[in-house]
Amino acid sequence: MNWQGGDDMNDNFTEEITPLLIEWRRTLHQNPELGFMEYYTTYRIGKELEKLGFIIHVGVDALESASRMGVPDEPLLTEQENKALHWGVEESWMEKMRGGNTGVVAIWDAEKNGEHIGFRFDIDALPIKETDAKDHFPSNHGFRSQEDGVMHACGHDGHTAIGLGLAHFIAQYNDSLTGRYTLIFQPAEEGGRGAKAITDKGWLDEVDQFYTGHIGINPYPVGTIAATTRGFLASTKLNAHFKGVASHAGMKPEEGKNALLAAATAATQLYAIPRHSGGPTRINVGKMSAGSGRNIIPEASYLEIETRGETKEINRYVLEEAKRTLHAAAMMHDVEVMIDFVGETEEIECDDSLITTITEACQSSNYVTEVLPFAKVSGSEDASFMTNTVQNNGGKATYMLFGTELPYGHHHPAFDYQETVISVAVDAYIHILKGGMSHE
């Protein structure tokens, strides 16, 4: 274990820091930023960690730029950069982040022999317009998103607050800690775009134990946590651009090549891909755009698609079938198609040996009331690159859940969670640090 302070840890720490946790969460909720555009968020995190004494790595120092996927177009990046500068981000910080290089990696060395423990917290928001309904907690408590069409609709504002709370504990109790700690505040989790860029920088290569997790997903009571998860799927995110020929729909329809029809054909036929006998598969067409007017044969169309499978191999099957379908639809309508790959994830297999570790560590928590051995999930997570890297190098890793009521699901305009779950997660991580290392 990485704790030398006995059992006399100040049990009031979580209670005392809870007002700060809420303040951080609400501030971030009001100022959400999309993946690889979290300039203000990165700055706020970095300044707080710097103040605590962490060695911080920001932007190009934190991630491998070439490994990023689905980076926004330059005009969008520039617009958000200028906005962040207006919000108070220092130019010296922006220089390291320009061009969509966001995120923070924070290092703490207790300078006493011990395990190297890593934690990951995702920081990005979603392109969703937050509801202004009066019964929506952020709306009636004055911290609804101030960015039209951008919202923390998945709890990453809370994840960031959890990470900052844990950082405060590490700094405050350094004398009782041993080993090293790497805290990763990762950009662009949505769409599976950011974790690989962090992983390729080497931050996980020497980590002995790795912990990450999520608020919600399954609607458990606050105080209930899951030590591991089962069911995260490998996934690929792709965009398809169809290019045809515009023409007058009445006078010269034979000269047109209808890109809209190609996209529509592809969108329906993608759902006809046979399931795989080896495990669960998924496919979704989440966005389609095409055309400019009723009397114009559309020359361009666009689809946003994702494939999923229980393993990388099964996902690859769905992906290859999806690519074949896209090319066949283009051929049918005599148009061209270009496919961009903009995100990916792998499957996650948590270390079951950590179930006992986490359960025993949290027995003395005043916030954790129940530890489930595992929770069943069915989404995808780019933290998979981190968990798999740690495990491939001989370490142990898990993905946890922190229970909360969910009146509306993730990625919904009215998504919200019980803020007390933030304190539960911080306290769980604290107790893992205090006595959660395995004793094999």
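The values are calculated or read from the model by the stated rules, or taken from the named source; none is laboratory data. Nothing here was measured: the structure is a model prediction, and the numbers come from that model. Heads up, the Cβs are rebuilt from the backbone with ideal geometry, glycines too, and the neighbour counts pull from every protein chain shown. SASA here: full protein model, heavy atoms, side chains in, ligands and nucleic acids out. Shrake-Rupley method; radii C 1.70, N 1.55, O 1.52, S 1.80 Å.
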Selected from Glu91, Glu346, Glu310 as most flexible by GNM, with the chain as the system and alpha-carbon contacts under 10 Å = Glu91
Of the listed pairs Lys51/Lys196; Lys196/Lys312; Lys96/Lys201; Lys237/Lys396; Lys112/Lys396, those with alpha carbons more than 19 Å apart are Lys51/Lys196; Lys237/Lys396; Lys112/Lys396
Give, in nm to one decimal, the length gained when the segment between Lys129 and Asn12 is fully stretched (0.36 nm per residue of separation minus the Cα-Cα distance).
-> 38.3 nm
Can you list which of the trypsin sites (Lys or Arg not before Pro) found in the stretch 56-149 are DSSP loop residues with at most 12 other C-beta atoms within 10 Å?
-> Lys134
Please calculate the 1.4 Å probe accessible area of Cys350, with all protein chains present, and give it to the nearest 10 Å².
-> 20
Please turn the phi angles of the stretch 274-286 into ³J(HN,Hα) values with the Karplus equation 6.51 cos²θ - 1.76 cosθ + 1.60 (θ = phi - 60°), one per residue in order, whole Hz, x for glycine and proline.
-> x, 5, 10, 6, x, x, x, 9, 9, 8, 8, 9, x
Kindly state, as a whole number, the per residue volume in cubic angstrom of the convex hull around the alpha carbon atoms of the stretch 1-148.
-> 154
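Under the Kirkwood approximation applied to all pairs of distinct alpha-carbon atoms, what is the hydrodynamic radius of the stretch 324-440 in Å?
Kirkwood hydrodynamic radius for the stretch 324-440: 17.6 Å.
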May I ask for the distance between the Cα centers of the stretch 361-440 and the stretch 271-305, given as a whole number of Å?
-> 34
Distances over 18 Å make up what percent of all Cα-Cα pairs in the stretch 336-385?
-> 55
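Could you work out the relative contact order of the chain? I mean the mean sequence separation of Cα pairs under 8 Å and 6+ apart, divided by the number of residues, in percent.
Numbers: 1038 pairs, mean separation 98.9, N = 440.
Value for the chain: 22 percent.
When N is the residue count of the stretch 268-364, what does its C-alpha Rg come to as a fraction of 2.2 N^0.38 Å?
The stretch 268-364 yields a ratio of 1.60.
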Under a cut-off of 29 Å between alpha-carbon atoms, report the lysines in cross-link reach of Lys252, not counting same-chain residues fewer than 8 places apart.
-> Lys243
Give the long-range amide H neighbours of Ala375: residues separated by 5 or more places, or on another chain, with amide H under 5 Å away, using H modelled in the peptide plane at 1.01 Å from N.
-> Thr228, Thr229, Arg230
Can you tell me the 0 to 90 degree angle between the C-alpha axis of helix 13-30 and the longest principal axis of the chain, rounded to 10?
-> 20
Most fluctuating of Asn82, Asn258, Asn295 in the GNM of the chain (C-alpha, under 10 Å) is Asn295
Using alpha carbons only, how many degrees (0 to 90, rounded to 10) separate the axis of helix 74-86 from the longest principal axis of the chain?
-> 40
Qualifying aspartates and glutamates (Cα of each under 20 Å from Cα of Lys47; at least 8 residues distant if same chain) = Glu23, Glu33, Glu38, Asp61, Glu81, Glu90, Glu91, Glu95, Asp109, Asp122, Asp124, Asp157
Under a point-charge model restricted to the Cβ atoms of Lys and Arg (+1) and Asp and Glu (-1), what is the dipole moment magnitude of the stretch 1-120 relative to its Cα centre, in debye to the nearest 20?
-> 300
Per-residue ellipticity at 222 nm attributable to helices in the chain (runs of n ≥ 4 DSSP H, -39500 (n - 2.57) apiece, nearest 500 deg cm²/dmol) works out to -10000 deg cm²/dmol
Which of the GluC sites (Glu not before Pro) found in the stretch 153-227 are loop residues per DSSP with 14 or fewer other Cβ atoms within 10 Å of their Cβ?
-> Glu206
Assigned charges on the beta-carbon of Lys, Arg, Asp, Glu; the chain dipole about Cα centre (debye) | 1260
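Could you list the chymotrypsin sites (Phe, Trp or Tyr not before Pro) in the stretch 7-114 that lie in coil according to DSSP, counting only those with at most 13 other Cβ atoms within 10 Å of their Cβ?
Of the chymotrypsin sites (Phe, Trp or Tyr not before Pro), the ones in loops of the stretch 7-114 whose Cβ has at most 13 other Cβ atoms within 10 Å are Trp87.
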About its Cα centre, how strong a charge dipole does the stretch 208-282 have in debye, to the nearest 20, once Lys and Arg get +1 and Asp and Glu get -1 at the Cβ?
-> 100
For the stretch 18-43 and the stretch 47-94, compute the distance between their C-alpha centroids and round to whole Å.
-> 13
Positive-end extreme of charge dipole, the chain - chosen from Gly35, Gly293, Ser139 (charges on Cβ) = Gly293
Span per principal axis, largest first, for the Cα atoms of the chain (Å) = 84, 52, 42
